[in-house]
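Note sheet for the following structure.
Coordinate-derived values only; no laboratory data. Since the structure is predicted, the reported quantities are computational estimates derived from the model, not experimental observations. We place every Cβ from the backbone using ideal geometry, glycine too, and count neighbours over all the protein chains shown.
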Amino acid sequence: MSHIPSKRRKLDHETSHESDKIPKSPSNELDSDFDKDEALDLDAPATTAKQPQPHSHSQPKRTKDDDESALYAAGLYKSSMFKLQVDEMLAEVRPNYGKRFSGADDALRQLKSVIEAIEDREALSVSIVPSTKYAVLTLGQQVTDATKLLQKSHKVTIPFPDPRPDKNAAYKLAYARPSNINIVGSYTLKAMVKADSVLSIDMVIVMPESIFQEKDYLNYRYFYKRSYYLACIATGIQETLKEQFSLEFEHLNGNTLHPILVAKPKSNKEKSPSSYRINIIPAAPQNLFSESKLRPTKNAVRPKENTGTETTLPPTPFYNASLRSDANFEAYLKLLHSASKQSAGFVDACLLGRIWLRQRGFGSDVSEGGFGHFEWASFTALLLKGGGSKGHSVLSPGYSSYQTFKAIVQFLSTTDLASKPLIYESPDFSGIKSDVPVFYDGPRGQNILYKMTPWSYALLRDEAKASLDMLNDAAFDQFESTFILRTSQPLQRYDCILSLPVPAKAFDPPTCGHVSHATRFSHRLFDVLREGLSDRVKLIDLRSSKSSSWSTKSSGPTLPGQSLLVSVVFDPANIDRLVDHGPAAEEKKKAAKFQKFWGEKAELRRFKDGSILESLVWKPGSTYSIFQDIVSYLIKRHFDEEVSQGLRLIGESFEKSLPSSATSSKLFETLKQAYNIFEKNVKDLEGLPLQLRQLSAISPQLRNSSIDPPSFSPQRPLKTPADVLIQFEGSGRWPDDIVAIQRTKIAFLLKIGSLLQDADASITTRVGLENEDHKLQNCSFLDVIYESGAVFRLRIHNDREQTLLERMIKDKSTNPRTREEAVAASSLYKRTFIQLPLFNQSISTHCTRFPLLSPTIRLAKLWFDRHMLSGHVSEELIELIVASIFLQPYPWRAPSSVMTGFLRTLMFISRWDWRLVPLIVDFTGTMTSKDVSSINTRLEAWRKIDPGMNRTVLFAASNHDTTGVAFTDKGPSRVAAARMTALAVSAYKLVKDKGVELDQRSLFATSTADYDFVVHISPKFAADQRRKEASKHKFKNLEVQSEANLELVGYDPIQLYLSELEKLYANSIVFFHSEVSSSVIAGLWNPQHVVPRSFRVNMPYATKVSGDLEEGKIEIDKSAILLEIARLGGDMVSRIEVNR
Amino acid sequence: MAPQETSTISNFTILPILLPPSPALSHPTKTTHTLYIRPNNPKIPTEADARSVFVVNVPVDATVAHLKGVFAHLSGGVVGRVEDVIFEDQSPIPSKNRTAIVDRKRKREEEQEDLAQSQELPCTWDRETRKSGGNAVVVFVDGRSMEGVLKSVRKLHKSKAYPLWGHGISSKVPALGSSRYAAHHALRYPDPRTLQRNVDAYMTAFNAGEMQRQREAKRLRNVPDEDGFVTVTKGGRVGPAKAEEAERMRAEAEERAKVRTGEGFYRFQVREMRKVEQGELVRQFEEDKKRVEGMRERRGRGGFRPET
């Protein structure tokens, strides 16, 4: 391999053109490879558009070697389920190369021949340097000429990077035939993924050495020449292939130093718009500039004023790496190729990585974090060769694709390449510590992570850590969260998003090295926010808008008013801290730094423990208001007023839509304290007939999860009594008959009531009756009303019931009706007396563990309620769903704001394929894959028994309840469940479409248009009206005077009306109602009952004669039923609206 | 009795009833509710059959007064022809204004019924509702009144003078709507003394029944049945085996057996264990395969495509 003479001023063109500087890729190989159809190998790294062959391991194997593959799958993959799904996915995403790129080969060949035929720029040379065969311009005078000429004759503007070339420079622009044309990138590797909107083929045009000079690496000279070269190619293609291609300029990966030409085939009429595009990328010959001069620590952009020694100049890593990467296209192609030969799983691992990155919003583009599939692939390829301790390789070639993928994720999560740069095979270079990651690839002399920023790297590592946890989760299948879910959706990923404009004026002096104003601003902003917010946030990410392509005629991409999105993940433990402690006053240096950073906000304070610290005190308020205060102060302090005024905060609105969001936790706490008193009172009772075992709370109000937080006062007792269970020690004295047990409970309750009243005269108690129609179920409860206004509803738990009911169900002599009753009673028993206490305990524990669980549950309940599903979907089911979002938050971490929690809940519901998939919540983190699979089996069994899903629809299991039906037995029905899913799907779609522009109110808007009829409750009785009255502020003295009306505790006429309607028309109408807000009851006729039937006695609904009497058919009498509903409601119904 | 064709449906006579309009619903025409009636003819005949009518499709808010009103209208405004109305699924507690159909001849029976009444929990509704589309039996004072009513129903189809539902009885029955629910809420909390008495009565009766049953069982313990077998019942000197106890014993025995030979004691055991494990793995794989296939089928194309 002959080296380029390093001291050549003007490279000889003719010889270099055909010379074998890159010996293994002759310029005509493109043609030859089109004809050959042999496998790619190292000797022909640049082969390209061969007809794709299906990879042997790409299709999911469905052969008979199951024994083997089963063992194989369990060993080399996470689980067989995981492997099978990965196979399915890979088969799905792999584009059909033949179909997708039909005609691509011809197009490439055509482009190649056209580019090769472009004449060296004679026209210019004639006038300026007549003796040379190619166009030469000395930049100083000729840059304007060149621009003008190309503009005039071809209407092509040279895409010079900023800063524009200097008029006084003394070097020349030229065009000569490219030394080589190659296809690189994932097209050659067959590592493309569908669903990337338009697939692109990268065509690299290697510029001849002849047009460059030795010092061209300095001061953008190389890039100016490159731009001119590109413009010439654009001109050439435009001249000859105007009909076939539309041409545009673009910045490759958003790097403004790398303009490229994008050729999109113009669609023929018979075909749909083209599915691919060709990126024409000018590249440098590999050894044009010496690697050592362009290391990340070197400076290549000399400041204009001083020409000091190199050591004093700041390094220009981005500029250097951009230049190096231009020379490395073929080198990396070779590297990736050898890796794919070396390891069978390499290509698939790259595909997995590509999907993983894309779902997390990463890409090679600078605005997408600068870590895309190219970086992933080269990362993997390099780690196959080395990177470990003592130069050992991190990956083994024998790894399966999944193992390789996981190893890379692990490597990313455990290694901090910013504080400890990784140098691969470059013994004389040791990297420097910085906040940007470095993975220096010695042989190719490039930091492959040069496009990354501190924040994108932090984000990448965070994602890698989360994914590693997911992949290590033994019990649950995490396939979906690893590859399918899009985790980068801002409202689900981040707790708060700040949008702020990029200020026009600069806040710090421009530095050398290619760093734009906006980039400098973001770096500065990131530093300020990171220091200012410290441990309040876990993650800060900055995103600027992606650069777009521009027409060859215009001078550059049109930039809309630039704005920056700063996304933040809160740390719920610290985010609403009111006082920040800084360094102690004695630590002078630190204190001074603190004061400088915070300005007037920093104040010296003495704390209780005697320490005197620099500190910051913030105004109390909600999480978001504190956060906003801090951020706007920081921006005002470090930038200016204008920037801080442009600040917009996204994410707060969700929290605000909860009723009494500010005081709720206090209200829950008050009730809990009242409960503790109640528990103590009961325990202290003397003279109870049996020994007390325990009291257990089972009310949403006692586990921080009711929509309305419990509020009570002596004058206004608690509206809904809080349910509590009491259990006594076992005794043989209970009767051996279920009905008799229920009656005995009444006597017990009467006794407890009178004992309580005796012990404390201020307590009021009364025994009430329930379940009058169901003799086998619990028939009585005791309301205990405290003077403070706290009300508890006590029921007795007796574990004999279960045995007796089961005996009844098993007994063959029981008549079917009684058995049905017994089954219903047994399920109610299990729910109320066994499941609910455990559930209550778990939820309330986790509400303490996750401060955001309670508000998220309440908001989710509110959503269900607004959509009138609260009668169908039990509160506990909603709580289970939300708890699962917190306990198995993958692919994210547990939500740290109401917004993320709620939107992820919506997403879960919209994606929940409840026909096949159970919801499983592991409260204690102790479930094993065996438990999970047995729950799955149970669901399958249910579906086999009851494929129509008439009995069991949703299956929601937890570690307390593996039957999965404790809270879904009573509903939702299939209709309601389908409606739930449909509503969630449309809501989630709205969230996705609107992005940060989402108005959360639109998610909570009730619509009654879909129902057959709507019963409007008269305002006097409507729930929201009564709520308004309750919250109305009364004068204190009036309040004291008025007697508390204990009679009305627990009285809810609308609920009574609704449950009566549901009982009466159980078969013919499905009712929908919102408990909290709405003043309507909506109904749907059962479509099965609308058709006329022949007459029989005992129809389950009111009928009338249908059509001709002689047919003897009857049908449902809708108008009579509606009148019945109106009569039953009496004064409570104001209007019935019939939609259909 | 040749029924008119237009007014019957499978041997039921159609009796339309005019419904009072509701301010909540705007109906262009007058709405009727359809009752289907025929002479009562139950499977188990009773003495009163000859003078009672079987009514189908009773409105949910029907009361005795309502139906009395309807039939008074049909009897030409003469009140008092209807002796009683028995609704389907009527709770066994007879309401106060209802007289039992069964002739009570013996006083003892009556006493027993009273006892049973006080054992039942107090009713929590001042007015009960009926199941939609349900039935009722209307008992008339004599057969002639019933015949007359059926006849006038047939005439009704010509005159179209249908009876109005709930006409003139608003004062006789508790009102529907919020006042009914308020009353229900109040009735749910009966007086504790009543409740206590009620429970006491129930438990006394229950215990008496239990005693009776025990005595019976005790008697049976010594009496062989016709095949000469003696039924084993509860209450002997040695209590009968309990199911839980038996289960526990079995588990213990198994545990003991396990300890004796031990798992993986013999080589064949190890081999078998491994085989089982392997088989389990293969089975799992097969199962997973089926599940994934099921997913693919259900989701169709693009089911495994990453979300965009």
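What the table shows:
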{"read-out": "At R0 = 35 Å, FRET efficiency that the Cβ-Cβ distance of residue A:629 and residue A:551 yields, to 0.05", "value": "0.15"}
{"read-out": "Residue order, fewest to most beta carbons within 10 Å, for A:1002, A:364", "value": "A:1002, A:364"}
{"read-out": "Distance from the stretch A:1042-1098 to the stretch A:200-229 (C-alpha centre basis), Å", "value": "77 Å"}
{"read-out": "Calculated FRET value between residue B:222 and residue A:817, using beta carbons and R₀ = 41 Å, to 0.05", "value": "0.70"}
{"read-out": "Separation in nanometres of the label points that stand 7 Å from Cα toward Cβ, at residue A:647 and residue A:619", "value": "1.2 nm"}
{"read-out": "Fewest-first ranking of A:496, A:350, using other Cβ atoms within 10 Å as the exposure measure", "value": "A:496, A:350"}
{"read-out": "Percentage relative contact order, the stretch A:859-953, counting C-alpha pairs under 8 Å, at least six apart", "value": "23 percent"}
{"read-out": "Euclidean distance of C-alpha centroids, the stretch A:906-968 and the stretch B:17-63, integer Å", "value": "46 Å"}
{"read-out": "Burial ordering of A:690, A:90, fewest other beta-carbon atoms within 10 Å first", "value": "A:690, A:90"}
{"read-out": "FRET efficiency, 1/(1 + (r/R0)^6) with R0 25 Å, evaluated for residue A:963 and residue A:694 via beta carbons", "value": "0.60"}
{"read-out": "Length-normalised contact order for the stretch A:658-808 - Cα pairs under 8 Å, 6+ apart - percent", "value": "25 percent"}
{"read-out": "Linear extension gain, residue A:584 paired with residue A:435, 0.36 nm per residue minus alpha-carbon span", "value": "50.9 nm"}
{"read-out": "Span from the the stretch A:807-855 Cα centroid across to the the stretch A:608-649 one, whole angstrom", "value": "49 Å"}
{"read-out": "Distance (nanometres) between label positions extended 7 Å along Cα→Cβ at residue A:608 and residue A:109", "value": "8.4 nm"}
{"read-out": "Label-point separation in nm, residue A:341 to residue A:476, each point 7 Å along Cα→Cβ", "value": "4.5 nm"}
{"read-out": "Gained length - residue A:637 relative to residue A:239, 0.36 nm times residue gap less alpha-carbon distance", "value": "137.8 nm"}
